[in-house]
1. Can you pull out the residues in the stretch B:89-102 that are in contact (Cβ under 8 Å) with a residue 40 or more places away in the chain and away from chain A (no Cβ under 13 Å)?
2. Go over the candidates A:ALA19, A:ALA59 one by one and state the one that is modelled with pLDDT of 95 or more, crowded, with 16+ Cβ neighbours inside 10 Å and not acidic (Asp, Glu).
3. Can you work out which of the residues in the stretch A:195-215 that are under 14 Å from the mean Cα position of the chain (by Cα) and among the basic types (Lys, Arg) is farthest from A:LEU169 (Cα to Cα)?
4. Which one of A:ASN256, A:ASN236 is under 23 Å from A:THR356 (Cβ atoms), of a type in the set (S, T, N, Q) and either under 23 Å from the mean Cα position of the chain (by Cα) or surrounded by 20 or more Cβ atoms within 10 Å (Cβ to Cβ) (or both)?
5. Looking at (1) away from chain A (no Cβ under 11 Å); (2) more than 10 Å from the chain's Cα centre (by Cα); (3) in a helix (DSSP H, G or I); (4) touching a residue at least 60 places away in the same chain (Cβ under 8 Å), which is the only condition B:LYS111 fails?
6. Can you find a residue in the stretch A:172-182 that is surrounded by fewer than 24 Cβ atoms within 10 Å (Cβ to Cβ), out of contact with any Gly (no Cβ under 8 Å at 6 or more places or on another chain) and of a type outside the set (Val, Ile, Thr)?
7. Would you be able to tell me the number of residues in the stretch A:64-79 that are surrounded by 24 or more Cβ atoms within 10 Å (Cβ to Cβ) and either within 17 Å of A:ASN216 (Cα to Cα) or in contact with a Pro (Cβ under 8 Å, 6 or more places away or on another chain) (or both)?
8. Looking at the stretch B:35-44, is at least one residue within 24 Å of B:MET1 (Cβ to Cβ), touching a strand residue (DSSP E or B) at 6+ places or on another chain (Cβ under 9 Å) and assigned to a loop (DSSP other than H, G, I, E, B)?
Amino acid sequence: MGIYLDHSATTYVDKKVLAKMTQCYSETFGNTSSQHSYGRDAEKGVGAARAQVADAIGASPGEIYFTSGGTESDNWAIKGVAKFARKGHIITTGIEHRAVLDTCKYLEAKGFSITYLPVDAFGAVRADDVEKALQDDTILISIMFANNEVGTINPMAQIGQIAKKHGVLFHTDAVQAVGHVPIDVSAIGIDLLSLSAHKFYGPKGVGALYIKNGTNIEKIIHGGSHEKGMRAGTLNSPGIVGLGAAISLATEVMDNEFVKEAALAKRLKDALLQLPKAKYNGHPDDRLPGNVNISFDGIEAEALMLHLDLEGIAVSTGSACSSGSTNPSYVLKEMGCTIEQARAAVRFTIGRCNTTKDIDTAAKKTKSIVEKLRALSPLFADKGEKNV
Amino acid sequence: MYNEKVLQHFKDPHNVGTMENPDGYGEVGSSECGDTMKMYIKVDDNKITDIKYQTYGCCAAIASSSIATDMALGKTIEEAQAMSKMDIVQELGGLPEKKIHCSLLAEDALKEAIKDYKSK
């Protein structure tokens, strides 16, 4: 059996979740728009899931709209607000997921002005910077809850207060955070929140957008009266039921999981930082519990990732040399890492089923592979310098 | 993505290391993706009798350096100089399209080492 340490990329579907979905595929399979009992049964499942999602984030069920996942939710939130406002200024950060960054770039080309805020060395945006960036025509602040590469959690409550004080809509891409850390949209002051089921042991291809009641937003998908006329398309009822079950389960086990994953992450971090010239990326405390991101000087992350893969251990690189030329992680570069550090960054993301043994095996293998790659590398000379 | 042969060379690369007083030394870097390679050759009677290298790079760069040094070992200077990146890729049984450029590093480093040898 392999050791999966890439839970931020995606998770497996929990068996209890899958059982609910299977029933929905074969028994309560009706179209939620149908008037007959099949349709009503399917609608019942979707309604329950809507309540489960709402409960998990402190919203009311009428504020939850199902989508095809995080990317669609991000697109809808940002383009939908922009379309309603017709023009204006949007504040985001340089470390957002591409679903947010590319959407902002698209709007920029269409005439909207965008501020891409910098982040500190830990990968967190400064609330002060958000306030300073506000303009008279600012229509939206879109800042991720937690970063996908380094796991750093942004000062959400402070940003929420600033947004509220200035009457600007606040969207957050919370895809990495939902199901892992507590979120209360009303306490924080979030108007729009994107989430995706497959990040918390639910199925792929289904997510949701929380839209606070009264938010000025247009739809981006036209075609039918589904989701109160806001998002056309036959509802993916098995997926939605899976999303509901997964988010309920995640909320139920969250406290225990947080403690367990944080302890395993610390164990892995402590073991790997015994290697010389290893740099821990991201915030030491304010981060997703299962995330460990480390740059090993003198190696290329893809080489380490592949070696681990040959040993049955799945991790991911901050930078993937897939496009012909290596594009070192823009997140790490925004945090002030050198290109070499960005190219040498490996991300381990611990999940629900990982054990202490998994972590110890992964640490041991990683250490020996790093040593092997460094012996091969003309760039590495161990001068016994202290880790940073 | 990578074939078995590439993975084998990546996992256990041949001819890794440095050399005291090489007859030829070449160092190249790819500005495109940051890969770096240092190559050392020993030449006897116009033949490459020993070859060592160090590579910083991805799987394709490491596997290319490993097989290129295997190929160059025992060749005459002229034969080694004629080796191209496509020979290296072919010997590896192919590389993904986007990784072909990684094999250029091995070709260039070998050519640099030969140039250095000839200049002596």
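1. B:LEU92, B:GLY93, B:GLY94
2. Details: A:ALA19 fails: crowded, with 16+ Cβ neighbours inside 10 Å.
After ruling out the rest, the residue left standing is A:ALA59.
3. A:LYS204
4. Numbers: A:ASN236 fails: under 23 Å from A:THR356 (Cβ atoms).
Sole residue among the options that is under 23 Å from A:THR356 (Cβ atoms), of a type in the set (S, T, N, Q) and either under 23 Å from the mean Cα position of the chain (by Cα) or surrounded by 20 or more Cβ atoms within 10 Å (Cβ to Cβ) (or both): A:ASN256.
5. (2)
6. Checked the stretch A:172-182: at least one residue is surrounded by fewer than 24 Cβ atoms within 10 Å (Cβ to Cβ), out of contact with any Gly (no Cβ under 8 Å at 6 or more places or on another chain) and of a type outside the set (Val, Ile, Thr).
7. Looking only at that region, the number is 6.
8. Looking only at the stretch B:35-44, we keep the residues that are within 24 Å of B:MET1 (Cβ to Cβ), and these are B:35-37.
After this cut, where a residue has to be touching a strand residue (DSSP E or B) at 6+ places or on another chain (Cβ under 9 Å) as well, the list is B:35-37.
In the following step, the residues that additionally are assigned to a loop (DSSP other than H, G, I, E, B) were identified as B:35.
Yes: one or more hits.
The values are calculated or read from the model by the stated rules, or taken from the named source; none is laboratory data. Please read these numbers as outputs of a predicted model, since none were measured by experiment. Counting neighbours? That spans all protein chains shown, and the Cβs are built from the backbone with ideal geometry, glycine included.
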